[in-house]
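Please read the structure below before turning to the comments.
The values are calculated or read from the model by the stated rules, or taken from the named source; none is laboratory data. Model, not experiment: these values are computed from the prediction. Cβ placement follows ideal geometry from the backbone for every residue including glycine, while neighbour counts extend to all protein chains displayed.
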Amino acid sequence: MTARLLAFASTGRAMLWAACGGLLAAMPGCSRCTPQASGPATVSDTGAEAARSLTGPSAPDRATEAGTHAAARRASTPACLAGAAFDPSEDAAVLEVMRTAEVVRISRGSGGGTLGFKVTLTGGQRAYFKPDQSPARGHAHGEISAFHLDRLLGLCRASPVTGRRLPVALLRSAAPNHEQLKLLKIDADGLVRGALIAWIEGDLRPLGVVPEWLACLRAPAAPARSPFKGFDVRESTPCEPPPDHLLDALHDLVVFDYLIANVDRWSAAKTNLLALSDTGPLLLFDHGEAFWRAHFVVRNERQLDFVGAPRPALASRLMNLDLKSLRLRLADDPLAPVLDAHLLEGLRLRLAALRARAATPRAGTEI
Ligand SMILES: Nc1ncnc2c1ncn2[C@@H]1O[C@H](COP(=O)(O)OP(=O)(O)O)[C@@H](O)[C@H]1O
Ligand SMILES: [Mg+2]
């Protein structure tokens, strides 16, 4: 089972459903769809017993509970806005597998700054495990909460995420002597908490963002200095809009990062500005550095000042966002409650700030 991707053809708005193991797996050059060649460990090498002990409860109780929560999830999830990359109707099944299926293969991830692991689960679902790392290098609560907020707002641009605990022995086996192993937070039972993110089965690539695109997001009262690290957007930079839904998606991304207090989006390398093709859809990706003890992030304030206010389509979603629905979804996570009262309060305050902006749109910010 895999997370499905929803890709919009650049013209004609034709929708193409593609699942790895099927269509994309058969495409030449789909590097994400073929197992890594170099030395992944299998659990038979590495601690199958410990991995098996992670299989969640399979009692009828769990099924009933899951059904109730799935129904609540459906009731609280709005339709996806244009530019979606994922189909939320697939989420429950993917999450269930990612929570319960055994790890049959694991290898160290590459490409990011934190120690992560590419895993394959019984049945073939693939995922990326990002363990909680200290001091604050990356935390599961950011990834998990961002995913649920993505769905509650109908952005549908984040891959499904669940909390999961994996044995440190398993992780060590896949990254022997890795210097970042010492940053892992290991529970007394030898398990490490982390975020398990459904593998995105497509040709992921940095979006071709340029300052000229960002110039199109500039609100009349925007700060002169670029708030986007790695992108020199000046008052004199001309607006040259990107194709399709990308401008809206970038606008929403700035607002979303404000909501979740994400501090790790912008860099010249665009490692967290990924898309499934040069023209999108844009993904919401890598939220390990979001939701901090400090409720507001200065740079995010500047970014929000730059775009002025949420665009109307997202503003109405923010107005309707019910944080009780978020708590309900998070209560369903194996690492529940995921966000403590302090982090939820920060979210509430940032949501209120976004609503206030949405309620007072400024002249000339129509998008
Ligand atoms: N769910 C996923 N699907 C596909 N590739 C992934 C996924 N998660 C991570 N990756 C790969 O791992 C890299 C690092 O992931 P990222 O979440 O950015 O971690 P970090 O916090 O270390 O920056 C990504 O650039 C991407 O190549
Ligand atoms: Mg990253």
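Exactly one condition in (1) under 29 Å from Asp91 (Cβ atoms); (2) assigned to a loop (DSSP other than H, G, I, E, B); (3) in the same structural domain as Gln125 (by TED's automatic domain parsing) is not met by Ala188; state its number.
That leaves (1) as the condition not met.
Just for strands (runs of 3 or more DSSP E) wholly inside segment 87-143: which have at least 3 residues that are more than 16 Å from ligand 2 (Cβ to nearest atom), touching a residue at least 40 places away in the same chain (Cβ under 8 Å) and in the same structural domain as Pro167 (by TED's automatic domain parsing)?
103-108
Quick grid of which residues meet (1) away from ligand 1 (no atom under 11 Å from the Cβ); (2) within 23 Å of Leu339 (Cβ to Cβ); (3) at pLDDT below 95; (4) under 15 Å from the mean Cα position of the chain (by Cα):
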site	(1), (2), (3), (4)
Val94	yes, yes, no, yes
Glu102	yes, no, no, no
Cys156	yes, yes, no, yes
Ser159	no, yes, no, yes
Thr162	yes, yes, no, yes
Leu166	yes, yes, no, no
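Search segment 241-273 for residues being surrounded by 22 or more Cβ atoms within 10 Å (Cβ to Cβ) and of a type in the set (D, E, K, R), and hand back the single one that is farthest from the chain's Cα centre (by Cα).
Looking at residues that are surrounded by 22 or more Cβ atoms within 10 Å (Cβ to Cβ) and of a type in the set (D, E, K, R), I get Asp252.
Residues are listed down the side, and each one gets a yes or a no for (1) in the same structural domain as Arg225 (by TED's automatic domain parsing); (2) within 19 Å of the chain's Cα centre (by Cα); (3) under 21 Å from Ala195 (Cα atoms); (4) free of Cβ contacts under 8 Å to residues at least 24 places away in the same chain:
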site: Leu283; (1), (2), (3), (4): yes, yes, yes, no
site: Ala290; (1), (2), (3), (4): yes, yes, yes, no
site: Asn300; (1), (2), (3), (4): yes, yes, no, no
site: Ala315; (1), (2), (3), (4): yes, no, no, no
site: Leu318; (1), (2), (3), (4): yes, yes, no, no
site: Lys324; (1), (2), (3), (4): yes, no, no, yes
site: Pro337; (1), (2), (3), (4): yes, yes, yes, yes
site: Glu345; (1), (2), (3), (4): yes, no, no, no
site: Arg348; (1), (2), (3), (4): yes, no, no, no
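For segment 273-300, what are the residues that are hydrophobic (A, V, I, L, M, F, W, C), more than 27 Å from Arg348 (Cβ to Cβ) and touching a Gly at 6+ places or on another chain (Cβ under 6 Å)?
Correct list: Leu276 only.
Those residues that are over 14 Å from Leu153 (Cα atoms), outside any loop (DSSP other than H, G, I, E, B) and away from ligand 1 (no atom under 14 Å from the Cβ), I need them from segment 259-289; list them, please.
Leu282
Could you tell me whether Leu214 is more than 30 Å from Glu90 (Cβ to Cβ), hydrophobic (A, V, I, L, M, F, W, C) and within 23 Å of the chain's Cα centre (by Cα)?
On the way: more than 30 Å from Glu90 (Cβ to Cβ): yes; hydrophobic (A, V, I, L, M, F, W, C): yes; within 23 Å of the chain's Cα centre (by Cα): yes.
Judged against the criteria, Leu214 is a match.
Identify all residues within segment 160-187 that are polar (S, T, N, Q) and either under 19 Å from Ser325 (Cα atoms) or touching a Cys at 6+ places or on another chain (Cβ under 7 Å) (or both); write none if there are none.
Thr162
Keeping to segment 274-305, report how many residues are closer than 10 Å to Leu207 by Cβ, crowded, with 23+ Cβ neighbours inside 10 Å and within 16 Å of ligand 2 (Cβ to nearest atom).
Total satisfying the criteria: 3.
Looking at segment 76-86, which of the residues that are surrounded by 19 or more Cβ atoms within 10 Å (Cβ to Cβ) and modelled with pLDDT under 95 is nearest to ligand 2 (Cβ to nearest atom)?
Gly83
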